[in-house]
Amino acid sequence: MSKAIVRNTIFESVICLSVILVYCTILQGQTKQKSFLTYDTKAKEILEKMTLEEKIGQMVQPDYASMRDKNDIQKYFVGSVLMGGGSDPRAGNSLEAWTDLYDNAQRLAMGTRLGIPLIFGIDAVHGHSNIEGAVIFPHNIGLGCTGDSDLVEEIGKITAYEMKATGIQWTFAPCVTVVRDERWGRTYEGFSEEPKISSLLGAASVRGLQGDNLSNPLSVAACAKHYIADGGTTAVERQGRGGGMPAFNFGGEGLTNTRGVRVSLNAGNCEFDEATLRAIHLPPYKDAVDAGVATIMPSYSSWNGVKCSASKFLLTDLLKDELGFEGFLISDYSAIDQINRNFKEGIATSINAGMDMAMEPSRYAEFCTLLKELVDEGTVPMSRIDDAVTRILRVKIAMGLFDENRSQLADRNLHDKFGCDEHRQVARKAVRESLVLLQNNNKVLPIAKNAKRIHVAGVNGDNIGNQCGGWTVQWQGASGNVTTGGTTILQAIKNSVSSETQVTYSSDGSDVEGADVAIVFIGEERPYAEGSGDTGDLSLNAQQVEMVSKIKNSGVPVVAVIISGRPMIIGDILEKADAIVAAWYPGTEGQGVADVLLGDYKPTGKLSFTWPKSMDQLPINVGDADYEPLYKYGFGLSY
Ligand code: BGC
């Protein structure tokens, strides 16, 4: 080859490489936020003007509902507030009341000496789920079974829109947990038992919520949680405040150890090595960071006896230094209180480990005083405070909170599309894609729309609260049809059938005789959240089994639809039901369930969790040595 040819080839390769590089940069620009470090010059300018009290104020997050005197926002220069699960504005739970509440809090913050706007946090974990009338999407477990990242991104966008209608700009979502034990009460908050799906859908959710540009008026800041391995714990005894367990008193059936002592998986301990931590639980955080996630919430739980919120290795070395996380860390609700019986020591440990903002619902004033003392004494270095505040400010700047030509109050023009049909149609699509068909003997599904009579049975068939699950309007969710708007599955079935078809209903399966088919709704009948959902028994309750048996014995074919936050032990139902469908917690759009049962759409969902045969198989996960579940990870039939 001549020199000229070599030179030309090199020249062409250089041009080609440059084109690829430019193309990649453009592509990256479309999918990834700008580096948060871009905003550091401005962040430093603001930082230089701040007193220590003002800096500490940026690092604390009270619960707005728990603040007896709202003027504390000014007194303590508070940089962020949250409204925890179930906290409603005094004026009620309407869109208007929430928007007024946000505006009032923001006005107070902007009335301080430096006028630094608040970042307002909420658990919009399946839609803007605290606010009545918002669209409620399926919980993550159902989305995991769709495997559809475009859909999850779209859901993030709609959630961000509905949040912004109230002014609120920060959600404690997505939960990117990798759930290894479905006795855990938060199983439904996770996409999967495998890192692959949690990573894919977690990153999609971050992109949807944050958009291409965090300063877009329709974007909100996301928060990947709960870092790390919250779904990989072994249950530990619950010891009350200061002893390492959540300070509040959980109800529910709970989980006990062999000595009959109440134990918690929610704030449990992970007992495995670093290689396992990295292989199973770290990937979703790496992908969330790569997608530009603005914030991350460390978990209540521990890794080999050290609380995540107290671990410098986890917070600083691994997350910030190794993964390159540039945003800020927000502690979980009162989590710092649980590190040490001595609150002050707990604060020092956590902030020095790398925590940037403390969610201190009601102890915020004490937190501010103690952190100032710790800095004055030299226990917490000023450089750590400056780093934390710089991180918080850079996120706020990226969000456009300092844009002079833009109001930081809510844009009430967005109210028009809050809970609108267009948003509900996306939720309906998500519901039908999330259903997993587990059994379909004699092709009993799909049900003919012109059947003479369809009998619907079971409380979960006519119950918006039960089909939404926890974190819906209230922290624990609530049973009943008064919780929020939407379509019950019973109503959806009525909407879908022909005008000649009769749809009858009984909560207990009575009056089924003579029906062509019965759709029987079973599963979990009491919504729950967090520790109150920890349980040692996932069997269907005796009344449900009895109901299915009775219907089957009457000669009517049975379609069993399981409404639940996790795989359940279905026992005899396997023989009694002709068809079995896992519908998870579909949310407000029950129509998506009818779409599949009545044949408008074929089932496409695949299990993102292993479905066990019996409780003694738990915990069970794909890849285990003796893997003989009832339905394997990835299973799902169609018509
Ligand atoms: C939960 C978090 C939630 C926080 C704020 C905690 O109890 O663990 O997931 O974001 O409360 O409501």
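What follows is calculated from the coordinates using simple rules that are stated; it is not laboratory data. Quick caveat, the model's predicted, so the values are computed rather than measured. Glycine also receives a Cβ, built like all others from the backbone with ideal geometry; neighbour counts cover every protein chain displayed.
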DSSP beta bridges in the chain [antiparallel fraction, %, rounded to 5]: 25 percent
Rounded to whole Hz, the Karplus (6.51, -1.76, 1.60) HN-Hα couplings of the stretch 260-271, x for glycine and proline: x, 8, 5, 10, 10, 8, 4, 10, x, 10, 8, 10
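Taking a ≥ b ≥ c as the square roots of the eigenvalues of the Cα gyration tensor of the stretch 146-195, is the shape rounded (a/c under 1.5), prolate (a/b larger than b/c) or oblate?
It comes out oblate by the Cα gyration axes.
What is the calculated FRET efficiency for Arg341 to Gln543, with r their C-beta to C-beta distance and R₀ = 41 Å, to the nearest 0.05?
About 0.40, to the nearest 0.05.
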Along Cα→Cβ, 7 Å out, is where each label goes; now give me the distance between the ones at Ser499 and Val444 in nm to one decimal. 3.1 nm
With axes computed from alpha carbons, what is the tilt in degrees of helix 3-31 against the longest principal axis of the chain, rounded to the nearest 10 within 0 to 90? 70 degrees
Mind checking the full-extension length gain between Ser383 and Asp212? Use 0.36 nm per residue of separation minus the Cα-Cα distance, one decimal, nm. 58.4 nm
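What is the gain in length, in nm to one decimal, between Glu373 and Glu628 on full extension, counting 0.36 nm per residue of separation less the C-alpha to C-alpha distance? Walk me through the intermediate numbers first.
Working: separation 255, 0.36 × 255 = 91.80 nm, distance 5.70 nm.
Stretched out fully, the Glu373 to Glu628 stretch lengthens by 86.1 nm.
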By counting other Cβ atoms within 10 Å of each Cβ, how are Glu525, Glu530, Glu373 ranked from fewest to most? Glu373, Glu525, Glu530
Averaged over all viewing directions, the convex hull of the alpha carbons in the stretch 49-110 casts a projected area in nm² of 4.3 nm²
Each label sits 7 Å from Cα toward the beta-carbon; between Lys452 and Lys312 the label points are separated, in nm, by 7.8 nm
CD proxy at 222 nm, helix term only [per DSSP H run n ≥ 4: -39500 (n - 2.57); per residue of the chain; nearest 500]: -10000 deg cm²/dmol
Amide H partners (placed H, <5 Å) of Asp63, local residues excluded: Leu82, Ser362
Asp403 to Gln74: FRET efficiency via 1/(1 + (r/R0)^6), r the Cβ-Cβ distance, R0 25 Å, to the nearest 0.05? 0.65
Roughly how many debye, to the nearest 20, is the charge dipole of the stretch 423-617 about its Cα centre, given +1 on each Lys and Arg Cβ, -1 on each Asp and Glu Cβ, and no other charges? 640 debye
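Give, rounded to the nearest 20 debye, the magnitude of the charge dipole that the chain has about its Cα centre when Lys and Arg contribute +1 at Cβ and Asp and Glu contribute -1 at Cβ.
Here the chain has a charge dipole of around 760 debye.
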Kindly express, to the nearest 10 degrees and within the range 0 to 90, the angle between helix 382-398's C-alpha long axis and the longest C-alpha principal axis of the chain. 60 degrees
Along the three principal axes, how long is the chain when you take its alpha carbons, biggest first, rounded to the nearest angstrom? 78, 78, 53
Most exposed first by the Cβ proxy, i.e. fewest other Cβ within 10 Å, how do Asp595, Asp534, Asp616, Asp273 rank? Asp616, Asp273, Asp595, Asp534
Give me the angle, in degrees from 0 to 90, between the Cα long axis of helix 343-353 and the longest principal axis of the Cα atoms of the chain, rounded to the nearest 10. 80 degrees
When only DSSP loop residues count, what trypsin sites (Lys or Arg not before Pro) in the stretch 294-345 have their Cβ near at most 12 other Cβ atoms within 10 Å? Arg341
For peptides 473-479, 212-218, 347-353, sequence by mean Cβ density within 10 Å, most packed first: 347-353, 473-479, 212-218
Packing-based ranking, highest mean first, of 415-425, 145-155 given that Cβ atoms within 10 Å are counted: 145-155, 415-425
In square nanometres, what is the average projected area of the Cα convex hull of the stretch 552-639? 6.7 nm²
Could you grab the relative contact order for the chain? Cα pairs under 8 Å, six or more apart, rounded to a whole percent. 17 percent
Grab every C-alpha pair in the stretch 245-381, bin the distances at 10 angstrom width from 0 up to the longest one, and report whole percents. 11, 38, 33, 16, 2
Expressed as a whole number of Å, what is the distance separating the alpha-carbon centroids of the stretch 613-631 and the stretch 515-561? 22 Å
Taking every DSSP beta bridge with both residues inside the stretch 423-617, roughly what % is antiparallel (nearest 5)? 20 percent
Residues Arg428, Arg453 arranged by fewest to most Cβ contacts within 10 Å: Arg453, Arg428
Report the one residue of Val444, Gln544, Asn481 whose Cα lies farthest in the direction of the positive end of the charge dipole of the stretch 423-617 (charges on C-beta: Lys and Arg +1, Asp and Glu -1; origin at the Cα centre). Val444
Top positive-direction residue, dipole computed over the chain with Cβ charges, set Val556, His415, Ala427: His415
For Asp100 and Lys417, FRET efficiency with R0 = 22 Å and r from the beta-carbon atoms, rounded to 0.05? 0.70
So what is log10(I(q)/I(0)) for the stretch 423-617 at q = 0.13 1/Å, when the Debye sum runs over its Cα atoms only? -0.63
